[in-house]
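Reviewing the structure listed below.
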Amino acid sequence: MATFDWEAILKSAYRDCCDGEAFSEFRGASSDADRVSWCSQFCIWSDDSVRQFIQRCVEASCTKTSSKSYELSRSWREEGNEWFKKRRYNEALLSYTKSVRTAPYDRDGASISDSQALATAFGNRSAALYHLNKYELAIQECDRAINHGYPKALLHKILQRKGQCLIKMGQSKTAATVLRQALLTLDEEANMRKEKKESLKSEIEKLLSDCSQSSVDGITTIPSKPSKPEELCEPSDELASASSSVGLRICKDRGRHLVADLPVSAGELLIKEMPYAVVLLPEYHSTHCHQCCRTTLNPVPCPVCTDVQYCSDQCMRSAWDSHHWLECGLWDGLMMFGTQAWLSLRLLLQAQSWQNAKRVADEACSQQTSSSASSKHLSADPQKSATEIGGGKVTPQESEVKREEGTSLNGHGKQHHVIDPQTSQTESVREESEPCSTENTSPHNSMQEHISEEPQNSTVDIVRDGEDEVKRNNRTSLPGCDQDGCYRSDYRAVYLLMPHTKNHSDQQLFNMTMTALLLSKCIQRKLLSSTRWMHHIQKASATALNLGCLKEGSKDRTECSKQSNCTNNFESEKKYDCHKPSHNQLDENFPSIVSETAALLLRHLQQLTCNSHAVTTIQTSEDLNSLSSMDKKLEPTNSRLGATNQTLNADTPVDTTVDKQHDKQREAVVDTTKQVRLATAIYPTASLLNHSCQPNVIASFDGAVLTMRATRDIQPGQEILHCYGPHAKHMSRDVRQRALQEQYFFTCTCHACTTAPADEIEMCDWSNSFACCKCSHPLVQREGKKKVGVCVNSKCRHTQSLRDMLKEKERASNLFKLSQHFLACKHVEECLGILHQCYNIQREILYKHHKALAETQDCLAQCYSHMGDFKTAGKYLQLSIETVEKQYGSESIELANELHKLAQVLFNGGEVQDALVIVDRANQLLGLHYGPNHTDVQELTEMKSCLMSL
């Protein structure tokens, strides 16, 4: 798809119209429907580039052809074979994965060789995974190869490899069964030379003998067990994805919020929630599952396109049923819209049908209109916006609808008072009331910014005992709850998240409206072609546009147990006839549907600015080393598209010997860890949590599954508080206040924001400060003089120039960058020498807990662990940990991760007593944040058992 600069078009359009009299109509619009109506008349839709973009999207959504290619898949497979011969198994895995993604599922009209391209690619990938010691994954690939019609003449190879993997995993009996099947398959092969057949039979019989011997001798290799997901001990019947210890409340001052109904202990799991909708960030498209956001080394591709990948057949089918049935073929266009617009589309599609989306919108508007006419509004909106878990600061300009590349700090716009469980002080949060307009009866008036808190004839019993509160046992009128008074993770709950319309600037609203309208125009053809989505539209309307009938096959897909059986269902989805109608024809025949869809998308876009969550994970420096270089474009580096003489022998022969050359280098025990953002998502229940800069819960993720766990004891009646990103341990008070005001529209008055620092050091940004040459305390820049520092120590107050220090700091920074180059090239000794130069400079000029100094200490520990000097590695790691603990606190997850690293170093260094102390401390903290079933907790438990036996 040709380059289309929508952001530039929007800037130009807004500049041309913002000062005109006509724009006052947009500025004064009382509903999203009115905003869409005004923008739909804008002259921009006559622009050639806009018209062409829409037409390209319409045509792409109506295409009958797959983007797969036998030639491309074969070329990637050949490249993988070249890497495999050189024992470069990670590179081979990358190439084989691209071969899998580009191999067509549809075998109609293909030669025998091409029809088996996908199965052969799976078989090749199993060989690479076997040599990378990923035996469970290799078995999956063997099964996939067989299910997709692996060449019968080579089937014995796949069965032999599967048997080898089972032997490595200690499953001798199962391995023997598979190997006997391999022998039978080999016997049925009539075209093989007798000598070769006897040689292969001898190999397999030897493996069978090994199976028998390992059964007799009890020799087994225990496979790695994935951590068992922790479940809620007693799920709530009234609050989706929450523990029964958690209750939903609504009051005038705090709006909707969560409290403890029962005593909560530190470490207790309070919320475990699947995302209502999620969009993976572009930089992880080639390394993670597009549905569950977990890392995958052997992804399953979409049967139709080459744009997405999944960790399993189940995720593939779930994605197709929920959203990919529409997105398949529109990938380039959706990438242009960016993450927020993309996520708004998925929110709408989760309504399952146009009829359901309209019903929820109409009911919300009807409730609002009725309550507005019959009762007085409370002064605050009960709507609770979601948090941005692990998010970072985002400026209002970055909140505008455009292509995203980074994170967003999502917020909340309420004015209410939150009781801090530590201090019983209130923290103030601003929330505005934005009633739904009653001037227009359009269903889009239901996109109100305010749902009634206290209807005159409501059966909700408001308790007034110091604060207005709804009783738990009678909440049918509480926003987001159903007729039974239960808050469920459904489209109703998502629709009623607050959009904060009044907090968005005119330009932001203009950009959002125009983007929603453009997206609606691009997708309407495929939406209208879907019998599931538009099942209530009369047949005559569809016939008038020659839409044809699209059989969804949803039931068949849901019941499908094998990926190979799903292919026909996917094919039936994509092979329909749209006769390439223009978007103008669409607008003329269904103008209301285009506008109404745009209005729904517009509401979700406004919500996402303040309600989306950042899905994060902890990555180490060694994470994804085999997949991080996955090309975005599936084009071979040594393309051999002209090679047509590929035979069935494309799979690599099984190597029954141990690869002694693989991974000779010592693996680093110390890895640099960091939290990274994987995706953006919506979690309806977690969205009910209010903010504190010193929260009493912490969020973590398993893929896209969110868990909220208490970090300290919470008494019944105390509010459960989460941090929206600006944490007291991560940001100064001024930075937090500015971030929350800009993105969440409120001024926080929590304990951390209203209590003066305990000492002068805490008042400054010591983690980025130079050290006083007299007393070693931090220096702060003198007001108005950037290159003059004053010591914060009241007994010293020494003033000194920062000019030379700034030069030395820059020199140290350059040395550190150079050291990382050598470390990446595995030149550890050269890296170590440069790091010591850097460290000596930093120790002379930086405060002892400066972040750069801690980073250098951590890297020194990594180098020494590479060299096997664990004692020295532990010394530098302990120095780094002192800074981490001072910055993030003694109960922080950051400290837990560093203690985990130190435990590994001490364990490898044979420091038994010291290791036991650190293991206990790390295990306690990791269990508090992640629960007892987490992989790291189990690893530390096993480490402790081993140490105790010494």
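A few points about this structure:
- Protection proxy ranking of 289-295, 929-935, by the mean of other Cβ atoms within 10 Å over each peptide's residues and highest first, is 289-295, 929-935.
- Remark on region 1-73: ratio of C-alpha radius of gyration to 2.2 N^0.38 Å is 1.58.
- For the residue pairs K134/K157; K851/K944; K68/K152; K98/K157, the alpha carbons lie more than 26 Å apart in K851/K944.
- Residue pairs, from the table K809/K848; K168/K901; K11/K502, whose Cα atoms sit over 23 Å apart: K168/K901
- Alpha-carbon Rg with Dmax, taken over region 682-762, Å: 13.8, 42
- Kirkwood hydrodynamic radius of region 233-291, from the reciprocal of the average inverse Cα-Cα distance over all distinct pairs: 14.1 Å.
- Amide hydrogen neighbours beyond the local backbone of R782, cut-off 5 Å, H modeled: V788, G789, V790
- Across region 869-950, the mean sequence separation of Cα contacts (distance under 8 Å, 6 or more residues apart), normalised by length, yields a relative contact order of 27 percent.
- Under the Debye formula (equal points on every Cα, no solvent term), log10 I(q)/I(0) of region 489-528 at q = 0.15, 0.30, 0.33 Å⁻¹: -0.55, -0.89, -0.92
- Kirkwood-Stokes translational diffusion coefficient of region 263-330, alpha-carbon pairs, 4 °C, 1.567 mPa s, µm²/s: 97 µm²/s
- Three principal axis extents of region 161-216 based on alpha-carbon atoms, in descending order, are 35, 14, 13 Å.
- Probe 1.4 Å, all protein chains present, accessible-area order of F84, F701, largest first: F701, F84
- Mean separation of Cα contacts under 8 Å, 6 or more apart, over the residue count of region 110-193: relative contact order %: 25 percent
- Signed unit charges on C-beta, dipole axis of region 241-320, positive-most listed residue C315, S286, L262: L262
- Between S592 and D482, full extension at 0.36 nm per residue minus the direct alpha carbon distance yields a gain of 36.8 nm.
- Derived value for region 16-152: Kirkwood hydrodynamic radius 18.9 Å. Basis is the mean of 1/r over every pair of different alpha-carbon atoms.
- Ratio Rg/Rh [Cα only; Rh per Kirkwood] for region 87-191: 0.99
- Kirkwood's formula applied to the C-alpha pairs of region 808-920 gives a hydrodynamic radius of 14.4 angstrom.
- Computed over region 324-365, the P(r) curve from all C-alpha pair distances, binned at 10 Å from the origin, holds 26, 45, 24, 4 percent per bin.
The values are calculated or read from the model by the stated rules, or taken from the named source; none is laboratory data. All values reported here derive from a predicted model rather than from experimental measurement. Every residue, glycine as well, gets a Cβ built from its backbone with ideal geometry; the counts of neighbours run over all protein chains shown. Note: areas computed on protein heavy atoms with side chains; ligands, DNA, RNA excluded. Shrake-Rupley method; radii C 1.70, N 1.55, O 1.52, S 1.80 Å.
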